[in-house]
């Protein structure tokens, strides 16, 4: 539910997880080299918002109480089973027996309580504290049972418990997790050569070790699209699940050594506007921007047609999706009139863009479209660290372009004026609280549809398109998800033939 | 008058072509270089678009023309800026001699050791990337070059009899530098400036390629090259055109510089 922008920003990076055949003979068939666009600065998913951490480690090195499959259905993980009380407020988890951490320490209910208490603490640096907000208390019933009490009903609770932010960590090893992560998963940490690669090896003590095909997983960090393409063609990489350059796909499609998979992600790409700041606190300006942008041109020019337009903040493949792309149809004259009415025609606005191809390319097109509507948009390409500091944390921007890859992230708009949207609307916050507390699927979907319309009507941001999942795999690599309902990609089911 | 060396003629023609294109772009381009037409992207060369269109449907020929203007402007400003400061420092070093000369030339040596790219990255980190960053960085690397050439040439002039005579007549060092030294070392400085022009164009292309120079939508050969990189499979011509432009400009200025040296360097003239 409440997703982090930070990690969303790294959408492309998270997408970039993949697997492939190793070119080195000794490991052939059991080693995979996965290309990844962004390298994180820490390896602790419970302390850092960078999406590539979840992409590599969640449900691979770390495990959570639950997990999620490709369709987004919740499955048991460290919790073997659970029961929910009549009122929907008390969850009792039966934990797995005999699971161990990679350093040999045992897993039990105390570790679960420790992990939750740490994330919920006042001074916690957990990047998705919103996931823990509905939790009242975590109680150890016995070594194999944990009881979690909620303050309010939370329809997404079990789904949220699968995310990397809720990874179960051990008090003995947690301090070193940023550089030497220790979890309970099917793969364990081997080495991290900064600027080059992260290596995981199979955990032979894992309960499902017998069904894990890969012995060794190398995540190779390649940020440049041209270099990524060259590495794939040279056979150095087996899989690139978040391939950043759609224009290069025809080349791989034509090559029998590769297979190209186009799926969807949870990443809504938005032209974010700083609602707390003039002139974007004026709805007419936001509407004018929405009228000025032409999604068809952006998708064609920036994504080579490989994306689905969105009119609000909800993925088109979701069950509650409403097509709102017609709310503010592309109409330069109308945009011009609205800009003039609001008294901002002819002014300069800055568009600060993070270093992801979908963003930098869209920026150039949006700049031209705003120019047609009489607004001089100045594009500033900034580094990811700068983006996190200045835009995400300090709200120091007019407009930016970013993909929000977290699932169920419409709660972002209820995060208050301190969140980088600068959006604070009591009506929406109330609506979101009702969505979170609604347990009935049909009723919740109806509310979600209402929320989509609410955001579209308010023109909170320019809603652009749903980020596609473009994967390039060597022939013979199996088991990667075509689409991503979550930030992670379990590698236990991946094989190289 | 001996016949002009061929490298001078070829160089002058190429430079005239680039400079002429740059000047023409101020008043006329076939299309608005920023005009997008995404449905008409990757168009082949036609009567309408002489070199076709790029990945956003912009006219490539117009972009190359405006980029030529950017390149020439950056090179001109940065070489002049670096040249004026460098020549002044060189003259000062030569005129003062002793400790002043040693200090200035050692600082110039340090400047030589400092890579322009690193300097540009540092500036870009502080002020944000812009064309100004590229200009300052290129000007900076030009200062020690001109200081060294000026001082070496000026030191020879200071030993001439007419300079001794001027000093005996009571002329000050500044006056002598201005009236006697500078006019007599103008030739090597102009030759050096022409060669530095070629280097500056290359440096601007490199900085823009790395995103430290011209920012979108301002076109630049270097940036066009970097944008074309992932399009090599779809549209290789988008990398070839700006590449050829850079070659033409750099080759032109290098040949022109060589040619100018051939006709102005007395030793070379005597050999011929």
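Derivation of every value follows stated rules applied to the coordinates shown; laboratory data play no part. Not measured: the values here are computed from a predicted model. Cβ placement follows ideal geometry from the backbone for every residue including glycine, while neighbour counts extend to all protein chains displayed.
For segment A:265-468, which semi-axes, largest first and in whole Å, follow from the square roots of 5 times the eigenvalues of its Cα gyration tensor? The partial results should precede the final answer.
On the way: eigenvalues 127, 65, 63 Å².
Equivalent ellipsoid semi-axes, largest first: 25, 18, 18 Å.
Treating the angle as unsigned and between 0 and 90°, give the value, to the nearest 10°, between the Cα long axis of helix B:186-209 and the longest Cα principal axis of chain B.
30 degrees
Whole Å is fine, so just give me how far the alpha carbon centre of segment A:381-413 lies from that of segment A:150-164.
24 Å
If you average the alpha carbon positions of segment B:166-222 and of segment A:116-138, how far apart do those two centres end up, in angstrom?
62 Å
Treating the angle as unsigned and between 0 and 90°, give the value, to the nearest 10°, between the Cα long axis of helix B:116-127 and the longest Cα principal axis of chain B.
So the helix axis and the longest Cα principal axis differ by about 70 degrees.
List the relative contact order of chain A as a percent without decimals, with contacts defined as Cα pairs under 8 Å and 6+ residues apart.
This gives 24 percent for chain A.
Write down the percent of antiparallel bridges among all DSSP beta bridges whose residues are both part of chain A, to the nearest 5.
75 percent
Can you tell me which of A:436-446, A:288-298 comes out highest on packing, and rank the rest after it, using the mean Cβ neighbours within 10 Å?
A:288-298, A:436-446
Using the alpha-carbon atoms, what tilt in degrees (0 to 90, nearest 10) does helix A:426-437 show relative to the longest principal axis of chain A?
Taking the Cα atoms of chain A, the angle to A:426-437 is about 30 degrees.
Per-residue mean of other chain beta-carbon atoms within 10 angstrom of the beta-carbon, peptide B:9-22?
0
Across peptide B:226-234, what mean number of C-beta atoms from other chains lies inside 10 Å of a residue's C-beta?
Whole-number average of other-chain Cβ neighbours for B:226-234 is 5.
State, to one decimal in nm², a quarter of the convex hull surface area for the C-alpha atoms of the protein assembly as shown, i.e. the direction-averaged projected area.
41.0 nm²
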